[in-house]
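What follows is calculated from the coordinates using simple rules that are stated; it is not laboratory data. Just so you know, these numbers come straight off a predicted model, no measurement behind them. Using ideal geometry, Cβ is built from the backbone for each residue, glycine included, and neighbour counts are taken over all protein chains shown.
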Amino acid sequence: METCISSQGSFWQSEIYEIAARIANSHQITAHEQRVLRTAFLENALEEEEHRIVNRLYRALRRGRIKVV
C-alpha cells in the first residue's frame, strides 16, 4: 500500500510541475487542468512547494493574469 501512495505522490508532483510550466508559458488554464489541481489540493497529496505553486496559480487566475480556456 505504501508503494501506491508514493507512486500517487510522484504522479501529482510531475503533473503539477508540467501544468504549472504550461500555464506560465501560455497564461491560460483549461478546465481539465483546474480539476487536476483542485483534486490534488483537496486530497492533500501535495508537498509544501506544490501547495505554493497551486496557490500562486489560483491567485494569478483571480487577478486575471491567467485566463480559463
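For this structure, a couple of remarks:
- Percent of Cα-Cα distances greater than 13 Å, calculated over the stretch 30-69: 52 percent
- The residues packed around GLN28, meaning those with a beta-carbon under 12 Å from its beta-carbon, carry a net charge of +2 if Lys and Arg are +1 and Asp and Glu are -1.
- For the stretch 15-29, backbone phi angles converted through the Karplus equation (6.51, -1.76, 1.60; θ = phi - 60°) give residue-by-residue couplings of 5, 4, 5, 5, 4, 4, 5, 5, 5, 4, 6, 9, 6, 9, 9 Hz, Gly and Pro being listed as x.
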